[in-house]
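Read the structure below first, then the notes.
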Amino acid sequence: MKANKVIKMRRLDLGLTQKEIADRCGVTEATVSRWESGDIKSMRRGNIAALARVLDVPPSVLMDWEEFDAEMIERKKMTKELCDLANVADLKHLQIAYDLLKKLEDSK
């Protein structure tokens, strides 16, 4: 999937407007629109880094060096959520969660 398509898809997935992306990346809304339409073929390194952080994708995807992997993004999101939960859970609940995850893994 081309970078411009990934930019638009991720923006919509995250429920962000072009204006919100622009504000977070320090560019104009018109620039974001041009990224999404494919009018801008090469982006500045600083813009690639900022956009990758906002969209939560590897910079290499925005440079068209690597294919976008939606499953990787979902795994990354779930891993972060699990880590956040583990930080506030007690040992008993962590053991229960671990046992359930192990059963799920074994059932594949």
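The values are calculated or read from the model by the stated rules, or taken from the named source; none is laboratory data. This structure is a prediction, so every number in the text was calculated from the model and none was measured. Cβ placement follows ideal geometry from the backbone for every residue including glycine, while neighbour counts extend to all protein chains displayed.
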| note | All conditions in (1) loosely packed, with under 11 Cβ neighbours inside 10 Å; (2) in a helix (DSSP H, G or I) are true of residue 49 except (1)
| Does residue 57 fit the bill of being modelled with pLDDT of 95 or more and surrounded by 13 or more Cβ atoms within 10 Å (Cβ to Cβ)? | no
| task | Kindly indicate whether residue 94 is touching a residue at least 12 places away in the same chain (Cβ under 8 Å) and surrounded by 11 or more Cβ atoms within 10 Å (Cβ to Cβ). | result | no
| field | Filtered residues of segment 58-91 (kept if touching an Asp or Glu at 6+ places or on another chain (Cβ under 9 Å) and part of a loop (DSSP other than H, G, I, E, B)) | value | 58
| note | For residue 36, the lone unmet condition from (1) under 30 Å from residue 101 (Cα atoms); (2) not assigned by TED's automatic domain parsing to the domain that holds residue 100 is (1)
| task | Collect the residues in segment 1-36 that are loosely packed, with under 14 Cβ neighbours inside 10 Å, at pLDDT 95 or above and not hydrophobic (A, V, I, L, M, F, W, C), keeping them in residue-number order. | result | 15, 17, 19, 26, 28
